[in-house]
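Here the structure comes first, spelled out in structure tokens, and everything after it is commentary.
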Amino acid sequence: MQTVDAVILGAGAAGLFAAGEAAARGRSVVVLDHARRVGEKIRISGGGRCNFTNLSTAPERFLSANPRFALSALRRFTPRDFLARVEGAGISWTEKAAGQLFCEGKASQIVQMLVGGAEAGGAQIHTEVSVEEVTREGELFRIATSDGVLFARRLVVATGGKSIPKIGATGFGYRLAEEFGIPVLETRPGLVPLTFAEQELGRMVPLAGVAVPARVAPTKGPGFDEPVLFTHRGLSGPAILQVSSYWREGEAITADLDPGRSLAAALKAARQEAGKGQIGKALARHMPERVAGLVLDLAGVDPVARLADQGNAVLDRIAAAARMELRPVGTEGYRTAEVTLGGVDTAALDGRSMEAKAVPGLHFIGEVVDVTGWLGGYNFQWAWSSAWACAQAL
Ligand code: FDA
């Protein structure tokens, strides 16, 4: 029977990175994953290019019952620190939007870097192993698996959240926390498309595939200036995914297609210059034609009506209709959510080591913890930072 310094459950972003860092510090490490392939979420992330960090990382870019919790780990292992690893591995990268760093090539390069780092330090990675039972035996953790029993001085739970069960996500980490008496805050899907009731959906479906820039805001929380994408099921696109993490059942969101408040003035000026044209065509200069049709529908204005015939009140009404208040009825759920909100209560963890205060030697890192980033590379940065902080304590 093998006894090691640390067993890490989950060979995803946080687990693989923690394994490499701990192994580099001379610790004997075994990583266990039930999936056939390690790092599967990394591989599919960022459209296959992995948005591996964001240079604007700051506690405000995370949702948590205690947003300050993440600060220590994020400060000790920063986006620049991870970037140095990426460059050290010879992986070329590119900055897409401000601060958002992606691989120039395939996301699998990041997986290779992490696996290479772990194996170089002597960490063993075992896939297709299911963990049957975890118990405490004196100072050690006893981990009964489908491959036999292991003992470890420390146990690191890096099994991620519930999103995308198809590629191996489970609620295992939350259950394990509860078995050890560690509180888990309610979990729900985040960074996920929103769904709508029949009437609103009926207006959206004909626009499926159209994207439009907007400022989208939840009832409580920040607004996001990013594109909204109409789909057959409702709304998606970066702005909607961001807001979905703040949205609660029963609440409305606003999708403002005129955040600069210039639309009414622009339509009035157009009436002056080219009033013979149709109002629909005039509005389509400011947004995709099909979206303009939706706004006019909401404003109760015929798109083929002459712009010249519209009074100021009508043009103001059109601009007001472009500030849409929408009532989602739900989300697409864990099937398509990029992350899981909630999770292991940070109040039960030490922010320097990610160790459970009440269970010495038991650590939680990555998405299983109640720290969830915005879209844009923040979730991977949390995985790296929390893994690094934990590895220093192994
Ligand atoms: P992660 O999910 O990476 O790993 C958990 C591991 O545990 C998995 O390998 C799983 O098989 C294993 N596991 C689960 N249950 C187990 C059990 N019972 N026994 C053994 N093993 C078990 N973030 C970002 O910053 N930039 C991006 O570009 C993207 N893009 C993106 C796209 C898509 C489609 C998704 C779904 C998500 C993203 N994300 C992202 C989010 C990011 O992928 C996520 O936050 C991190 O992978 C979390 O890292 P963890 O290591 O915590 O979990």
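The values are calculated or read from the model by the stated rules, or taken from the named source; none is laboratory data. Predicted model, so just to flag it, every value in this text is computed and none were measured. Heads up, the Cβs are rebuilt from the backbone with ideal geometry, glycines too, and the neighbour counts pull from every protein chain shown. Ligands, DNA and RNA are stripped out before the accessible areas are found, and what is left, the full protein with its side chains, is counted by its heavy atoms. Shrake-Rupley method; radii C 1.70, N 1.55, O 1.52, S 1.80 Å.
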> Under a 5 Å amide H to amide H cut-off, with H placed in plane at 1.01 Å, what residues pair with residue 53 once short-range neighbours are removed?
Replying inline: 101
>> Roughly how far apart, in whole Å, are the Cα centres of the stretch 31-80 and the stretch 256-281?
In response: 43 Å
> In terms of modelled amide H atoms, which long-range or inter-chain residues lie less than 5 Å from the amide H of residue 31?
Replying inline: 8, 124, 125, 126
> In the stretch 15-118, which GluC sites (Glu not before Pro) fall in coil by DSSP and have 13 or fewer other Cβ atoms within 10 Å?
Replying inline: 104
> So how far apart, in nm, are the two label points at residue 261 and residue 186 if each is 7 Å from Cα heading toward Cβ?
Replying inline: 3.6 nm
> Taking a 27 Å limit on the Cα-Cα distance, which of the listed pairs 166/220; 41/220; 220/281; 162/357; 41/96 fall beyond it?
Replying inline: 166/220; 41/220; 220/281
> With springs only between Cα atoms under 10 Å, which of 256, 309, 370 fluctuates most in a Gaussian network model of the chain?
Replying inline: 309
>> Using a 7 Å offset from the Cα along the Cα-to-Cβ direction at both residue 175 and residue 350, what is the distance between the two label points in nm, to one decimal?
In response: 2.9 nm
> If amide H atoms are built 1.01 Å from N in the plane of the peptide, which residues on other chains or at least 5 residues away come under 5 Å of the amide H of residue 352?
Replying inline: none
> residue 278 versus residue 327, label points 7 Å from Cα toward the beta carbon: distance in nm?
Replying inline: 3.2 nm
> If you place +1 on the Cβ of every Lys and Arg and -1 on the Cβ of every Asp and Glu, how big does the dipole about the Cα centre of the chain come out, in debye to the nearest 20?
Replying inline: 820 debye
>> Name the residue from 303, 219, 282 whose Cα lies farthest towards the positive end of the charge dipole of the stretch 193-312, charges +1 on Cβ of Lys and Arg and -1 on Cβ of Asp and Glu.
In response: 282
> When the accessible area of the stretch 111-174 is computed with all protein chains present and a 1.4 Å probe, what percentage of it is carbon and sulfur?
Replying inline: 47 percent
>> With every protein chain left in place and a probe of 1.4 Å, what is the accessible surface of residue 281, to the nearest 10 Å²?
In response: 110 Å²
>> Using a 1.4 Å probe on the protein heavy atoms, what percent of the accessible area of the stretch 193-332 belongs to carbon and sulfur?
In response: 52 percent
>> So for the chain, averaging the separation of alpha carbon pairs under 8 Å that are six or more residues apart and normalising by length, what relative contact order in percent results?
In response: 24 percent
> With the other protein chains left in place, how much accessible area per residue, in square angstrom, belongs to the stretch 193-332 at a 1.4 angstrom probe?
Replying inline: 47 Å²
> If you take every DSSP beta bridge whose two residues both sit in the chain, what share of them, in percent to the nearest 5, is antiparallel?
Replying inline: 75 percent
> Add -39500 (n - 2.57) for each DSSP H run of 4 or more in the chain, then divide by its residues: what number comes out at 222 nm, to the nearest 500 deg cm²/dmol?
Replying inline: -9000 deg cm²/dmol
>> Running a GNM on the chain with Cα contacts under 10 Å, which residue among 64, 262, 130 ends up with the highest mean-square fluctuation?
In response: 262
>> Which one, 269, 348, 211, has the greatest fluctuation when you compute a Gaussian network model over the chain with C-alpha springs under 10 angstrom?
In response: 269
> Using a simple charge model, +1 on the beta-carbon of Lys and Arg, -1 on the beta-carbon of Asp and Glu, nothing else, what dipole does the stretch 193-332 show about its Cα centre, in debye to the nearest 20?
Replying inline: 360 debye
